[in-house]
1. All other residues with a Cβ under 12 Å from the Cβ of G32 taken together, and with Lys, Arg as +1 and Asp, Glu as -1, what is their net charge?
2. Expressed as an acute angle from 0 to 90° and rounded to the nearest 10, what is the orientation of the C-alpha long axis of helix 79-96 relative to the principal long axis of the chain?
3. Per DSSP helix of 4 or more residues, -39500 (n - 2.57); summed, then divided by the residues of the chain. What does that give at 222 nm, rounded to the nearest 500?
4. A95: net charge of surrounding residues, Cβ under 14 Å, Lys/Arg +1, Asp/Glu -1, itself excluded?
5. If I fit a long axis through the Cα atoms of helix 42-61 and take the longest principal axis of the Cα atoms of the chain, what angle between them do I get, 0 to 90°, rounded to 10?
6. Cα axis of helix 17-26 to longest principal axis of the chain: angle in degrees, 0 to 90, nearest 10?
7. Simple spin-label model, 7 Å along Cα-to-Cβ: K4 to I36 in nm?
8. Give, as a single signed number, the net charge of other residues whose beta carbon lies under 13 Å from the beta carbon of Y3, with Lys and Arg counted +1 and Asp and Glu -1.
Amino acid sequence: MLYKFKSAATGDLIMLEPNGRRVLEIIGKDAGPKGIILPEQMPAALAALEQAIAADEAARKAPAEAEDDATPPAATVSLRQRAVPFVDMLKRCSAAGKEVVWGV
């Protein structure tokens, strides 16, 4: 499944299901097939994403617990890289006073 986020203030943003679900869970939204983020909810969503990104980056900097870890953190895509387009979308929509919807 894909998440296709839409808004009148930005172009569409398409995310794969695991990535879209993670972002929606971080901001406290139900990761169902349809939903909406209202402009008044966007500042809290942006703060939650920034906090999660900071925690993810701190975890990546910490030394690995297991030496046999097959995929080092540097070889995977970080939450920041996955979330930047969504963060940009939320900032632009918040400034324009437009909602973000998906599944419609």
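The values are calculated or read from the model by the stated rules, or taken from the named source; none is laboratory data. Bear in mind that the values here come from a model prediction, so they are computed numbers and not experimental data. Here the Cβ is made from the backbone with ideal geometry for all residues, glycine too, and neighbour counts use every protein chain on show. The area values use the complete protein model at the heavy-atom level, side chains included, leaving out ligands, DNA and RNA. Shrake-Rupley method; radii C 1.70, N 1.55, O 1.52, S 1.80 Å.
1. 0
2. 20
3. -15500 deg cm²/dmol
4. Here the charged neighbours net out to 0.
5. Helix 42-61 and the main axis of the chain meet at about 10 degrees.
6. Roughly 80 degrees between the two axes.
7. With each label point 7 Å from Cα toward Cβ, the separation is 1.9 nm.
8. +3
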